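Down below is the structure, laid out as structure tokens.
The values are calculated or read from the model by the stated rules, or taken from the named source; none is laboratory data. In this text the structure is predicted, and so the values were computed from the model without any measurement. Every residue, glycine as well, gets a Cβ built from its backbone with ideal geometry; the counts of neighbours run over all protein chains shown. SASA here: full protein model, heavy atoms, side chains in, ligands and nucleic acids out. Shrake-Rupley method; radii C 1.70, N 1.55, O 1.52, S 1.80 Å.
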Amino acid sequence: MRLILASLLVAFIGFSAHAQQAHINWMTIEEAMAAAEEDPRPIMMDVYTQWCGPCKMMMANTFTVPALINYVNDHYYAVKFDAESADEVAFKGQTFSNPGFNPAARGRNSPHELSRALGVTAYPTLIFMTAEGDIITPLTGYKSAQNLEIFLRYFGEKWYAGSGQAEWDAYKERFTPTF
């Protein structure tokens with residue numbers, strides 16, 4: 001009996017350690033664009049801020065689901081972008097910065113030029129892009145793994161290409177979530 005319990009404990013600890021190690025392979029937009037030149041795949045950009053509660057919830061609850069992690073890592077280049085960062089960012093031949101950044105600010109700060117150029121108006125915003133960095137669509141607000149799956153698959157498997165509202169409606173109707 002002790003041997004069985006010990007074996008189960010070792011297996012649980014091993015599984016738990018493995019689950020904690022799984023994570024989305026976040027990169028910068030520059031890294032994603034370079035990777036997409038070598039191996040084209042869509043880009044999913046998580047635009048967040050340090051003070052945003054729903055952003056923190058997505059990191060803790062959505063981007064930790066193993067099936068979602070595996071799908072994102074297999075089908076996308078995942079970009080994490082702080083919309084109030086002081087960092088300069090090169091994207092599609094332009095350099096973006098945050099000239100209004102205040103290092104002494106607590107909480108909210110000035111929006112980064114790239115977040116403005118991408119049309120971000122709320123946090124979190126997930127921006128789905130082609131491998132060339134062209135925006136497919138932004139998706140604003142907190143999403144659970146189950147809510148996000150339909151969009152991940154639709155854009156990751158390029159169902160959207162050449163489709164309109166009727167095709168999206170048909171896709172939604174027949175979609176069965178697996179996360």
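Does anything in segment 116-134 have its amide N under 11 Å from the 7 Å Cα→Cβ label point of GLN94, and if so which residues? Under 11 Å, as judged by backbone N against the label point of GLN94, lie 116-119 of segment 116-134.
For the chain, the extents of the C-alpha atoms along the principal axes are 65, 49, 32 Å, listed from largest to smallest. Close Lys pairs in the chain (alpha-carbon distance under 24 Å; sequence gap of 8 or more, or different chains): 9.
Averaged per residue, what accessible area in Å² does the chain show with a 1.4 Å probe, protein chains only?
Spelled out: the 1.4 Å probe surface of the chain, per residue, equals 57 Å².
Label positions at THR178 and THR130, each projected 7 Å from the Cα along the C-beta direction, are separated by 2.7 nm. On the basis of the beta-carbon distance and an R0 of 41 Å, THR137 and ALA104 show a calculated FRET efficiency of 0.70.
Restricting to bridges with both residues inside the chain, how much of the DSSP beta-bridge set is antiparallel, in percent to the nearest 5?
Working: 13 of 21 bridges.
So the antiparallel bridges in the chain amount to around 60 percent.
A straight line joining the Cα centroids of segment 91-111 and segment 155-178 runs 35 Å. Where is the GNM fluctuation largest for the chain (alpha-carbon springs, 10 angstrom cutoff): ALA34, ALA86, ALA105? Of ALA34, ALA86, ALA105, the most mobile in the Gaussian network model is ALA105. Within the accessible surface of the chain, defined with a 1.4 Å probe on protein heavy atoms only, the carbon and sulfur portion equals 56 percent.
Step by step: find N for segment 106-179, compute 2.2 N^0.38 Å, then divide the Cα radius of gyration by it. What's the final number? Dividing the Cα radius of gyration by 2.2 N^0.38 Å gives 1.29.
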